[in-house]
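The values are calculated or read from the model by the stated rules, or taken from the named source; none is laboratory data. On a predicted model such as this, the values are computed, not experimentally measured, just so you know. Counting neighbours? That spans all protein chains shown, and the Cβs are built from the backbone with ideal geometry, glycine included. Note: accessible area is taken over every heavy atom of the protein model, side chains too, but ligands, DNA and RNA are not part of it. Shrake-Rupley method; radii C 1.70, N 1.55, O 1.52, S 1.80 Å.
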Amino acid sequence: MSGILVVMEQREGSWHRMSWETLAAGQRLAAQMGLKGYAVVVGQGIGGVAQELARKKLDHVHAVEHALLATYTADGFTAALEQLIRKFNPSIVLFPHTYQVRDFAPKLATRFNQVLVSDSVGFRVVEGAPIFVRQLFQGKLNADVRLGGAEPHFASIQAGAFRADQVEDGAAEIVQFAPQLSADMLRAKPLEPFRESARAVDLTSADIIVSVGRGIKEKDNIPIVEELAKALGAELAASRPICDSGWLPMERQVGSSGQTVSPKMYMAVGISGAIQHLVGMKGAKTIVAINKDANAPIFEVADYGIVGDLFEIVPALVEEVKKAKG
Ligand SMILES: Cc1cc2nc3c(=O)[nH]c(=O)nc-3n(C[C@H](O)[C@H](O)[C@H](O)COP(=O)(O)OP(=O)(O)OC[C@H]3O[C@@H](n4cnc5c(N)ncnc54)[C@H](O)[C@@H]3O)c2cc1C
């Protein structure tokens, strides 16, 4: 089919939100390379999710269905997708960089003597060929990765690198694909899937988030930032060390092992901007950073930056916000 194939991830009929971000990336890559765009969903009883996918701008949607794909296994998903890819020959296969994809996609790529260009934060097309961008050394360097060897090529897209709300709508035909699978091909026996406990705080629906990092120095100082959140009508969030220390509950953690948020405004107070934090918040529409280190990586993603001491700046901001709100 010589196009861009996006592998979407769902569990029990609910999409992994990174799937949509990757679909947005796939649509853009297909348009820039002048190729067709396809998406695939794998599982059992996936008619509903395939229908939803068919309302997006794609040439067609592959629904890969089999009883042995009802629950995820690396062997099952690798075999099913290998068969689909061999039949339809896409040029590039894109995945969201989820835990599940990390588990099986490198193995799938090696079936084609290829590698997975993992956790890409972007791409550009030069003379018709894509160059993927990956971050090195905690985001301090960007590396350009050219695709070598025979197609298909494989790449995964980092959380927050593309915006899910930029997926284009359209109408696509659903093409069913029944892979040849047998129980003896699956070496792993899945147990009950891990379920996260219900969260009392849903940062994902907050319009404004004020997030505090290790620059706050000690637990007793948290109310300084809490007051700013209150004045702005914002939710309070934090970087991982703050939650690891028990200064704020885990459910307020933003980042790769916390929540992924995309508020209208994200204010990072005393947060350095490590890659594991950035992946959770860089989808915010406006990012404001307060940090005393002008070279802190957070300023690379910030729309507005204040270089200075948060213990002076935050109380002054609270005062101004209160004044402005009357
Ligand atoms: C597998 C893995 C998963 C991870 N998951 C996450 C995650 O989900 N979320 C997350 O946040 N991290 C995560 N991390 C940790 C991450 O790598 C960083 O260590 C962490 O984000 C750093 O937090 P910080 O920015 O608050 O602290 P620091 O990196 O210590 O930064 C503190 C910042 O405060 C500034 N500062 C100090 N004093 C002041 C002051 N008075 N005024 C203004 N600024 C000041 C400093 O200049 C500095 O930039 C993970 C790490 C690993 C290995």
Ignoring ligands, DNA and RNA, what accessible area per residue does region 74-141 give at 1.4 Å, in Å²? 44 Å²
Quickly rank 94-105, 214-225 as a protection proxy: mean count of other C-beta atoms within 10 Å, highest first. 94-105, 214-225
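For LYS285 and VAL115, what does the FRET efficiency come to when R0 = 30 Å and r is the distance between their Cβ atoms, rounded to the nearest 0.05?
The pair LYS285/VAL115 has a calculated efficiency of 0.30.
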For region 300-317, what does the Karplus curve 6.51 cos²θ - 1.76 cosθ + 1.60, with θ = phi - 60°, yield as ³J(HN,Hα) per residue in whole Hz, taken in order and with x for Gly and Pro? 6, 9, 6, 7, 10, x, 10, 8, x, 7, 4, 6, 8, 6, 5, x, 5, 5
Using θ = phi - 60° and the Karplus form 6.51 cos²θ - 1.76 cosθ + 1.60, what ³J(HN,Hα) does each residue of region 221-229 get, whole Hz, x for Gly and Pro? 8, 3, x, 4, 7, 4, 5, 5, 4
Which residue fluctuates most in the GNM of the chain (Cα springs below 10 Å): ALA155, ALA25, ALA294? ALA294
Rounded to the nearest 0.05, what FRET efficiency is calculated for GLU168 and TYR304 with R0 set to 41 Å and r the Cβ-Cβ distance? 0.85
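Of the accessible area of the chain, with the probe set at 1.4 angstrom, what percent is carbon plus sulfur?
Numbers: 7880 of 15880 Å².
After summing per-atom areas, the C and S share lands at 50 percent.
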Non-local residues with an amide H under 5 Å from the amide H of GLN259, with H modelled 1.01 Å from N and Pro and chain starts lacking one, are GLN253, VAL254
SER2 versus ASP207: modelled label distance in nm, points set 7 Å from Cα along the beta carbon direction: 5.0 nm
Which of GLY26, GLY45, GLY76 moves most in a GNM of the chain, Cα contacts under 10 Å? GLY45
In nm, to one decimal, how far is the ALA183 label point from the GLN100 one, both placed 7 Å along Cα→Cβ? 2.3 nm
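Calculate, for ARG55 and SER245, the FRET efficiency according to 1/(1 + (r/R0)^6) with r their C-beta to C-beta distance and R0 56 Å; round to the nearest 0.05. Could the numbers behind the result be given before it?
Details: r = 45 Å, r/R0 = 0.81.
So, using R0 = 56 Å, E works out to roughly 0.80.
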Straight distance only, please: which lysines reach the Cα of LYS282 with their own Cα at less than 16 Å, same-chain residues fewer than 8 apart left out? LYS140, LYS264
In nm, the gap between the two label points placed 7 Å beyond Cα toward Cβ at ALA31 and GLN83 is 3.5 nm
Other-chain or far-sequence residues with amide H under 5 Å of ILE157's (modelled H): PHE95, HIS97, ASP119, SER120
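For PHE137 and ALA150 in one chain, what is 0.36 nm times their gap in residues minus the Cα-Cα distance, to one decimal in nm? Don't jump to the answer; show the numbers that get you there.
Working: separation 13, 0.36 × 13 = 4.68 nm, distance 2.92 nm.
Contour length minus Cα-Cα distance gives 1.8 nm.
Give me the extension gain from VAL321 to LYS219: residue separation times 0.36 nm, minus the current Cα-Cα distance, reported in nm with one decimal.
Length gained between VAL321 and LYS219: 34.3 nm.
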In whole Hz, what ³J(HN,Hα) sequence does region 76-89 give by Karplus (6.51, -1.76, 1.60; θ = phi - 60°), x for Gly and Pro? x, 5, 5, 5, 5, 6, 4, 5, 5, 5, 5, 6, 9, 6
